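Data first, discussion second: the structure below is written as structure tokens.
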Amino acid sequence: MSKNKTAGYRGHHSYQKRKEAEARSFIRYRCGFTNTIQDVLRQRPGWVEVKEDEEWDFNWCDVGWLRENFDHSYMEEHVRICHFRNYYELTRKNLMVKNLKRYRKTLEREVGHVEAAKCDFFPCTFELPSEYHLFVEEFKRNPKSTWIMKPVARSQGKGIFLFRKLKDIMDWKKDGSRLEEQRDEAQVESYVAQRYIENPYLIGGRKFDLRVYVLVSSYLPLKAWLYRDGFARFSNTRFSLSSIEDQYIHLTNVAVQKTAPDYDPERGCKWPMQQLRRYLTAKHGAHAVETLFRDIDNVFVHSLQSVQKVIINDKHCFELYGYDILLDQDLKPWLIEVNASPSLTPSSQQDYEMKCHLLEDTLHVVDMEGRLTGREKQVGGFDLMWNDGPVSRENSGLETLGSSCFSPNTNLGCFNDRENQLRHLKVLPGQKSA
């Protein structure tokens, strides 16, 4: 790894990988967090935590460590790290939209309007201050619309506000102009202005969004896994457009909602994904819900493809993304943002157990122990969604995307049979069954 050279395997075949894993008596890891991931790593058989200046085989780091150290690190072949070098191409709000817009134009030019229309899953968005004049033109076309302002590089609902009048952001615009003139002294903080989804799907009168987990183990070729579990995050207050200043109505972030006076830390504001899917099925029928979840799959695939040629692929890297999806009253999914460091801090015991399973299965897919054959379509709660092309749930491999018999290998919100599936993993000497 990094400045210290660690011994690693040189072959690419699963047999060689297993032999090298068996030759190492333990896996050395570093972790930059003290939450759930630390618990999972400490409980993993054969894994040993090392100090900051010691050699490591696996590093679950924060993005700050990555920025400071990645370019100066030498990593042997077996070493793994939890971010791609330029992860931010998908997770910074302005870059995500920029890449999606470019990808949509490419599809329209090379494939046609029908395929490009499959990328119409993100709200009309402008980067400010650089696109301020374009934004004003669009704003004046629909003067009664509600917009939402978000800082491009902050999280947990910080710095977000809604507005309906240009004068509401004039003070912000003036500050931005002043800072732009003094760029040497202060850097302008970029925002995105995004058309607010004014007709969100409501349950019990409350707005919610979905947190879904997608694991990318390679960009070239693109290999992506979709986790079966996830959750819906509800606002604590009934939805209304008459109070756009009330964050408890409009922002579903747990970091925001837990500050509400009547927040219940035991109950929280979450539904498991399976509960949401059952609710929607009971209300709208299986066919409508199946269509909805296929549309959500489409969001994952096209968003990843939009950055596939931009992300610097590296065999040492993987990325566990936290997707935030909003549903509107027509059961249309909207991509709100993608998180490179989704919160692993639990809000309840149920949330803790779900995140432990998610992280355990992430480590199973990364496979430092060399237990996988490379042919798996499911590992724990992860289903292989894309492997240089769509993955079919069937074993024949004869189906093609778009054919009547094609059944995508995705099971978001379905029964998670991870424990049964993990029993089939190869157990190495000295390890307990997964």
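The values are calculated or read from the model by the stated rules, or taken from the named source; none is laboratory data. All values derive from a computational prediction rather than experimental measurement. So basically every Cβ, Gly included, is an ideal-geometry build from the backbone, and we count neighbours across all protein chains shown. Heads up: the accessible areas ignore ligands, DNA and RNA and are worked out on the full protein's heavy atoms, side chains in. Shrake-Rupley method; radii C 1.70, N 1.55, O 1.52, S 1.80 Å.
Taking every protein chain into account, the 1.4 Å probe leaves GLU110 with about 130 Å² of accessible area, to the nearest ten.
Can you tell me the accessible area per residue over region 95-137, all protein chains present, probe 1.4 angstrom, in square angstrom?
On the way: 2360 Å² over 43 residues.
Per-residue accessible area for region 95-137 comes out at 55 Å².
The apolar share of the surface of region 63-151, taken as the fraction of accessible area on carbon and sulfur atoms (1.4 Å probe, ligands and nucleic acids excluded), comes to 50 percent.
Cα centroid separation, region 123-147 to region 226-250: 23 Å.
Does region 35-155 come out rounded, prolate or oblate by the C-alpha gyration tensor, with a ≥ b ≥ c the root eigenvalues, rounded set by a/c under 1.5 and, if not, prolate when a/b is larger than b/c and oblate if not? Don't jump to the answer; show the numbers that get you there.
Numbers: a/c = 2.84, a/b = 2.20, b/c = 1.29.
Taking the square roots of the gyration eigenvalues as a ≥ b ≥ c, region 35-155 is prolate.
Protein-only accessible surface at a 1.4 angstrom probe places the residues GLU115, GLU419 in the order GLU419, GLU115, largest first.
Please list ASP383, ASP229 from largest to smallest accessible area, probe radius 1.4 Å, with all protein chains kept in place. Before the final figure, lay out each step's value.
Values: ASP383 0, ASP229 25 Å².
Ranked from most to least accessible, the order is ASP229, ASP383.
Beyond 20 Å in Cα-Cα separation lie the following of the pairs LYS101/LYS377; LYS101/LYS270; LYS207/LYS270; LYS105/LYS150; LYS150/LYS207: LYS101/LYS377; LYS101/LYS270; LYS105/LYS150.
When the solvent-accessible surface of protein heavy atoms is calculated with a 1.4 angstrom probe, in what order do ARG44, ARG393 fall, highest first? Walk me through the numbers before you get to the answer.
Working: ARG44 20, ARG393 95 Å².
Heavy-atom accessible area, descending, gives ARG393, ARG44.
The calculated FRET efficiency for LEU202 paired with ASN298, based on their beta-carbon distance and R0 = 22 Å, is about 0.40.
Counting only protein heavy atoms and using a 1.4 Å probe, the accessible area of HIS250 comes to about 10 Å². Using 0.36 nm per residue and subtracting the Cα-Cα separation, the extra length available between ALA288 and ASN86 on full extension is 69.0 nm.
So with the 1.4 Å probe, I'd like the accessible area per residue for region 264-340, rounded to whole Å². The partial results should precede the final answer.
On the way: 3110 Å² over 77 residues.
So region 264-340 comes to 40 Å² accessible per residue, rounded to a whole number.
Take ARG67: with every protein chain present and a 1.4 Å probe, its accessible area is about 140 Å².
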